[in-house]
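Engineer: Quick one: this structure, given as structure tokens, is what I'll be asking you about.
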Amino acid sequence: MQQTSKRLIPGYYFSLVITLLGVSLIVLLPFAALVISGWQVGAQQFWQEATNSRVLASYLVSIKGALVAAIINTGFGLLLAWVLTQYEFPGKWLLDSLLDLPFALPTAVAGIALAYLFSDQGWLGRLVVPLGWKISYTFNGIVIAMIFVTLPFVVREIQPVLEQLDFSVQEAAYTLGGGTSTILRRLVLPEILPALVSGFGLVFARCLGEYGSIVFIAGNQPYHTEITPLLIMFKLEAHDYSGATVLALVMLLFSFTFSFIIHSWQRWLLQRKG
Amino acid sequence: MQLLQTKPIKWLLLVLAWLFIGIVLVLPVGLVLVQAFASGWHTYLTTISSLVTLQAINLTVTATLISIVFNLVFGVSAAWLIAFYDFPGKRLLNALIDLPFSVSPVIAGLIFILTFGRGGWLAPLFSAIHVQIVFAPPAIFLTTVFVTFPFVAREVIPVLEAKGREEEQTAALLGASFSQILWQITFPAIKAPVAGGLVLATARALGEFGAVAVVSGNIQGKTLTLSLLVQNLYNDFKFNEAFAVATILLGSTILVVLLKQRLLKN
């Protein structure tokens, strides 16, 4: 049946040609240019470009920032999803709608607003000056920008799971005298863990690649607040195309490995859950 | 549900949630509005109606429209192909469609420089016919199409796969033509995801910054999109003007978010 019905619906070649043309021109061709350009660099120069001290420092800034932002957003994402699914309160629709903003707000707009807000004269930056804190133009600023752009990811992953969760088991455990923390840890957490892991992965991956919102607030000091995408930008402006290519390939390799690990972990969690 | 339903805990969590959203979301957006009008209505109106701004609006809207048309044609074709037929390499095709989502915007720009820029593969071809791609509007259109590439396909494929192919197969057996099947059977079923994908693509295209910044060359009146104009004004310390232009983007963003929620409800 499968064989005979394979191409019963008309339009196979039509859709095939359009799809292949689109994928080839927009995705395959430019990526092939990247791989070939990387190949032409040569192994020794590749290694040097990929591991010089300024580049290594930029990896560290990007990874550290992404990790901190992912941890914070996983925590608050869980909190927001919980509040939105479990409680009734005035302004609930507003909170829910606001969460969509970072998906749609242009990164340059977010970037200048955050840089201004958290600078020493800004509405919020001013408040932390007496404490000796600085946010804009430091590592803290990078984390703030990363938190902003990835704010909805974890919430939107966990929300549907919490909505569908049948709490009768949990309530039974509660009436039988189980403590709230035990119930949350033993009964609720396993249900939402796969979504939590995939949300964390999405946030981390997006933070690593983020550029627009970060450059305005980061200060962009080599070795301290320079993220890898910005370093690629600098290399391009200096017409150092091979240097930019090397960094791009390292970033791609890292993010593919990372998402592979996250996917495998998530699949394992889902299987274990049954 | 008694779990965490005691009043103090509920209020504590609610206050925390609003505080967090207030600091990282509401204040930045409020600041854009306040700063845009900080030098008065007159400056605001002069800024957003200046020639540079209008040219930037023109370029941004053109890039967005091109992305929308591409997304519609490509997204529906790809979904049709993937949902209705079995062929080798389907998983690979799926992965390739998703690829632009997992790439940093800066890398998205870089790959087009490497393809069309000085020393790129296709550079000789385009210089022979005197068409400039990089540091000109075509590269801005290409990168915008790239960063929005998967949106419609991603939304439509699961819906079409869940719907199944039986209706289309029956119609084909009964002698319906391609366009009859497309317009009378398939399209009504995928209207919502198509619209949803287009809304997301519009938002991304309007606001794309990193990828466009790489290929634009920052030529005033020629390759400045709204986001790049915001950057230039900000870097020139014309903060209020930067925020004024930013309100155009903010306004269109809010429209897009509202549109998306409208679509989700129906």
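Engineer: In Å and on Cα atoms, what radius of gyration and Dmax does region A:1-41 show?
Structural biologist: Rg and Dmax of region A:1-41, Cα atoms, are 16.5, 52 Å.
Engineer: If you build a Gaussian network model of chain B, linking Cα atoms that sit under 10 Å apart, which residue out of B:T43, B:T223, B:T247 swings the most?
Structural biologist: Looking only at B:T43, B:T223, B:T247, the largest GNM fluctuation is found for B:T43.
Engineer: Let me ask another. Can you list the trypsin sites (Lys or Arg not before Pro) in region B:87-138 that are in a DSSP coil and have 12 or fewer other beta carbons within 10 angstrom?
Structural biologist: For trypsin sites (Lys or Arg not before Pro) across region B:87-138 that sit outside H, G, I, E and B with at most 12 neighbouring Cβ atoms in 10 Å, the list reads B:R118.
Engineer: Moving on to the next point. According to the Kirkwood expression over distinct Cα-Cα pairs, how big is the hydrodynamic radius of the protein assembly as shown, in Å?
Structural biologist: Numbers: mean 1/r = 0.0401 Å⁻¹.
Its Kirkwood hydrodynamic radius stands at 24.9 Å.
Engineer: Then there is this: Excluding B:L51 itself, calculate the net charge of residues whose Cβ lies under 15 Å from the Cβ of B:L51, where each Lys or Arg counts +1 and each Asp or Glu counts -1. Don't jump to the answer; show the numbers that get you there.
Structural biologist: Numbers: positive: B:K222; negative: B:E241.
Net charge around B:L51: 0.
Engineer: If you don't mind, another one. Quick test of the membrane-span-like rule: which DSSP H helices of chain A reach at least 27 Å along their long axis (C-alpha atoms) with mean Kyte hydropathy at least -1.0? Show your work: numbers first, answer last.
Structural biologist: Numbers: long enough: A:53-86 (49 Å, 1.36); A:189-209 (30 Å, 1.45); A:241-273 (47 Å, 0.78).
The answer, listed by residue number, is A:53-86, A:189-209, A:241-273.
Engineer: Still on this structure: Compute the distribution of all C-alpha to C-alpha distances in region B:1-154, in bins of 5 Å from 0, and list the percent of pairs in each, rounded to whole numbers.
Structural biologist: With a bin width of 5 Å, the distribution comes to 2, 7, 10, 10, 11, 12, 12, 10, 9, 8, 5, 2, 1, 1, 0.
Engineer: In Å, what is the Rg of the alpha-carbon atoms in region A:219-269, and how long is Dmax?
Structural biologist: Here Rg and the maximum Cα pair distance are 14.7, 46 Å.
Engineer: Of A:V143, A:I26, A:L84, which is farthest on the positive side of the dipole of chain A, counting Cα position, with +1 on Lys and Arg Cβ, -1 on Asp and Glu Cβ, and the Cα centre as origin?
Structural biologist: Value computed over the given set: A:I26.
Engineer: What helices does chain B hold that run 18 Å or longer along their axis, going by alpha-carbon atoms, with a Kyte-Doolittle average of 1.6 or more, using DSSP H for the helix calls?
Structural biologist: Details: long enough: B:7-21 (21 Å, 1.71); B:51-84 (49 Å, 1.85); B:151-163 (19 Å, 0.79); B:187-207 (30 Å, 1.16); B:239-265 (38 Å, 1.25).
Those that clear 18 Å and a mean of 1.6 are B:7-21, B:51-84.
Engineer: Project the alpha carbons of chain A onto their principal axes and report the range along each, largest first, in whole Å.
Structural biologist: 75, 67, 33
Engineer: For region A:174-232 and region B:194-217, what is the separation of their C-alpha centers, rounded to whole Å?
Structural biologist: 24 Å
Engineer: Moving to a separate point now. Can you tell which of B:F112, B:A136, B:G196 lies farthest toward the positive end of the dipole of chain B, using +1 and -1 charges on the Cβ of basic and acidic side chains (Lys, Arg; Asp, Glu)?
Structural biologist: Positive-end residue among those listed: B:G196.
Engineer: Note down the accessible area of A:Y12, probe 1.4 Å, to the nearest 10 Å².
Structural biologist: Accessible area, nearest 10 Å²: 30 Å².
Engineer: Still on this structure, I have one more. In whole angstrom, and with the biggest value first, how far do the Cα coordinates of region A:98-161 range along each principal axis?
Structural biologist: 42, 23, 19
Engineer: On the Cα set of region A:149-263, report Rg and Dmax in Å, please.
Structural biologist: My reading of the Cα-based Rg and Dmax gives 20.8, 69 Å.
Engineer: Choose one answer from A:H263, A:H239, A:H224: the residue with the largest mean-square fluctuation in a GNM of chain A with alpha-carbon springs under 10 Å.
Structural biologist: A:H239
Engineer: Would you rank A:M251, A:M146 by solvent-accessible area, highest first, keeping every protein chain in place and using a 1.4 Å probe? Kindly include the intermediate steps, with their values, before the conclusion.
Structural biologist: Working: A:M251 30, A:M146 0 Å².
Result of the area sort, largest leading: A:M251, A:M146.
Engineer: Using a probe radius of 1.4 Å on heavy atoms only, what accessible surface per residue do you get for region B:59-126? Whole Å² is fine. Don't skip to the answer; put the middle values down first.
Structural biologist: On the way: 2490 Å² over 68 residues.
Using a 1.4 Å probe on heavy atoms only, each residue of region B:59-126 averages 37 Å².
Engineer: Round to a whole angstrom and tell me the spacing of the C-alpha centers of region B:137-157 and region B:1-55.
Structural biologist: Going from one Cα centre to the other spans 29 Å.
Engineer: Ok, one more. Using only DSSP helix segments of four residues or longer, with each worth -39500 (n - 2.57), what per-residue ellipticity at 222 nm results for chain A after dividing by its residue count and rounding to 500?
Structural biologist: Numbers: 16 runs with 201 residues, N = 274.
Value at 222 nm, helices only: -23000 deg cm²/dmol.
Engineer: So, one more: Taking chain B as a Gaussian network, where each spring joins two C-alpha atoms under 10 Å apart, which residue of B:I219, B:I23, B:I48 fluctuates the most?
Structural biologist: B:I23
Engineer: Still on this model: State the volume of the convex hull built on the alpha-carbon positions of region A:43-128, expressed per residue in Å³ and rounded to an integer.
Structural biologist: On the way: hull volume 15.2 nm³, N = 86.
About 176 Å³ per residue, rounded to a whole number.
Engineer: Shifting gears a bit: Step by step: find N for chain B, compute 2.2 N^0.38 Å, then divide the Cα radius of gyration by it. What's the final number?
Structural biologist: Taking the Cα Rg and dividing by 2.2 N^0.38 Å, one obtains 1.24.
The values are calculated or read from the model by the stated rules, or taken from the named source; none is laboratory data. Values in this document were obtained by computation on a predicted structure and should not be read as measured data. Ideal geometry is used to build each Cβ from the backbone, glycine not excepted, and the neighbour counts take in all protein chains shown. Quick note on the areas: whole protein, heavy atoms, side chains included, nothing else; ligands and nucleic acids left out. Shrake-Rupley method; radii C 1.70, N 1.55, O 1.52, S 1.80 Å.
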